[in-house]
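Structure first, commentary second.
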Amino acid sequence: MGRKRKGEAVSGWINLDKPIAVGSTTAVSRVRRAFNAQKAGHAGTLDPLADGVLPIALGEATKTVPFLMDADKTYRFTIAWGETTASYDREGAVIARSDVRPSPQAAAEALKAFVGEISQIPPAFSAIKVDGERAYDLAREGIELDLAPRMVTIHRAEVTDAPDADHLEIEIDCGKGVYVRAIARDLATMLGACGHVSRLTRTRVGPFSINQSISLEKLEALCHTSAGLEILSPVETALDDIPALAVTTEDAFKLSQGRPIVLLPRQVETLKTRLASSDGAGFASRTVLANLDGVAVAICEMRAGQLSPTRVFNL
């Protein structure tokens, strides 16, 4: 007999507005304790110095985390001109100074070069592993790193505010793997200035936006009452971009046992159309969400007229 998990079988997503100075792991632990949930995880680390949207998965929702990790994101950040730090944020030691204060117009023009698929070198102070060790640990030891550039995608980058000559606010929409601190570093270099990120807020991750998020304090207060479960979003929230197929009770039972189901020809054609439109590059993706009466049953792969379950939900 397997060991019984501690906690309640709570499943769903929390759209958390993570506060500054709280690490992502700590935030997950506090949310898990608040719900007394059996398991929890997050979709994309947010640095302690950053605030904003941190989607947290509870229970069966943890099976959908990989899909949200790939989702597009929106960041709003402020560059403080005049000083470059080792980490390119306000925590690092100052390594260079300059009197150059780029104008908002010059910055906006330079930002155009950052839109599209670009090559970006990650900051030395990052979680990338180098010979089995985190880059930020090596950087703190004073070891110089030569990190390889990565291809990332930025859909939009624009100046949104310039409160004074020393500060510039920028907002970007981007794909996964983008380092905001690297944007600040490269933009400052292009403009012949020194600068670092003094404020960073993530305002969107896939379907989760900051306008619908909840603070950690409010969440913990609600969980002391019966209203805690009301703020949970469904497990399938992270699967908004995946075509869904309603299945019968019999087929749902087969999928729950890990067995494939045979599709009708009309179902195959319908799913092909949905997959092609959702993928944007033709019929390349084969991932389908099977549900019964609106409840997620399994994430499946469609091949040869069948749906084969790859992740089964116990809801």
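For Arg101, the criteria (1) part of a loop (DSSP other than H, G, I, E, B); (2) among the basic types (Lys, Arg); (3) in contact with a helix residue (DSSP H, G or I) (Cβ under 9 Å, 6 or more places away or on another chain) hold in every case but one, which is (3). Restricted to the stretch 206-227, and to residues there that are of a type in the set (Val, Ile, Thr) and modelled with pLDDT of 95 or more, the residue that is farthest from Leu239 (Cα to Cα) is Ile214. Checking each residue in the stretch 4-24 for being within 25 Å of Phe313 (Cβ to Cβ) and among the β-branched types (Val, Ile, Thr) picks out Val10, Ile14.
Considering only the stretch 97-108, how many residues are among the small types (Gly, Ala, Ser) and either closer than 15 Å to Val197 by Cβ or surrounded by 20 or more Cβ atoms within 10 Å (Cβ to Cβ) (or both)?
Total satisfying the criteria: 1.
Which residue is least open to solvent (accessible area, probe 1.4 Å), if the candidates are limited to the stretch 1-28 and must be in a helix (DSSP H, G or I) and of a type in the set (A, V, I, L, M, F, W, C)? For the stretch 1-28, the residue satisfying everything is Ala27.
Residue-level check: of (1) under 13 Å from Leu54 (Cβ atoms); (2) in contact with a Lys or Arg (Cβ under 6 Å, 6 or more places away or on another chain), Glu171 misses just (1). Quick check: anything in the stretch 180-197 open to solvent by 50 Å² or more (accessible area, probe 1.4 Å) and either part of a strand (DSSP E or B) or touching a Gly at 6+ places or on another chain (Cβ under 8 Å) (or both)? No, there is no match, as no residue in the stretch 180-197 is open to solvent by 50 Å² or more (accessible area, probe 1.4 Å) and either part of a strand (DSSP E or B) or touching a Gly at 6+ places or on another chain (Cβ under 8 Å) (or both).
Looking only at the stretch 152-179, residues that are more than 17 Å from Ala80 (Cα to Cα) and outside any strand (DSSP E or B) come to 4 in all. Is it the case that some residue within the stretch 217-226 is part of a strand (DSSP E or B) and surrounded by fewer than 21 Cβ atoms within 10 Å (Cβ to Cβ)? No, every residue in the stretch 217-226 fails to be part of a strand (DSSP E or B) and surrounded by fewer than 21 Cβ atoms within 10 Å (Cβ to Cβ). Taking the stretch 29-65 as the range and being within 15 Å of Ser213 (Cα to Cα) and either assigned to a helix (DSSP H, G or I) or of a type outside the set (A, V, I, L, M, F, W, C) (or both) as the test, the residues that pass are Val31, His42, Asp51, Gly52, Pro55. Remark: pairs (first residue in the stretch 284-297, more than 15 Å from Phe67 (Cα to Cα); second residue in a strand (DSSP E or B) and among the polar types (S, T, N, Q); Cβ separation under 6 Å; 6+ apart in sequence or on different chains) = Val297/Asn291.
Suppose we filter the stretch 236-256 for residues that are without any contact (Cβ under 8 Å) to a residue 24 or more places away in the chain and open to solvent by 80 Å² or more (accessible area, probe 1.4 Å); how many remain? So the answer is 2. Answer yes or no as to whether Pro122 is over 12 Å from Ala188 (Cα atoms), at pLDDT below 95, in contact with a Leu (Cβ under 6 Å, 6 or more places away or on another chain) and not charged (D, E, K, R). When the stated conditions are applied, Pro122 passes them. From the list Glu83, Glu133, the one residue that fits, being at pLDDT 90 or above, open to solvent by 30 Å² or more (accessible area, probe 1.4 Å) and either under 19 Å from Leu46 (Cβ atoms) or not basic (Lys, Arg) (or both), is Glu83.
The values are calculated or read from the model by the stated rules, or taken from the named source; none is laboratory data. Keep in mind that this is a model prediction, so the values were computed, not measured. Every residue, glycine among them, receives a Cβ derived from its backbone with ideal geometry; neighbour counts consider all protein chains shown. The protein model used for the area step is the full one, side chains on, heavy atoms only, and it has no ligands, DNA or RNA in it. Shrake-Rupley method; radii C 1.70, N 1.55, O 1.52, S 1.80 Å.
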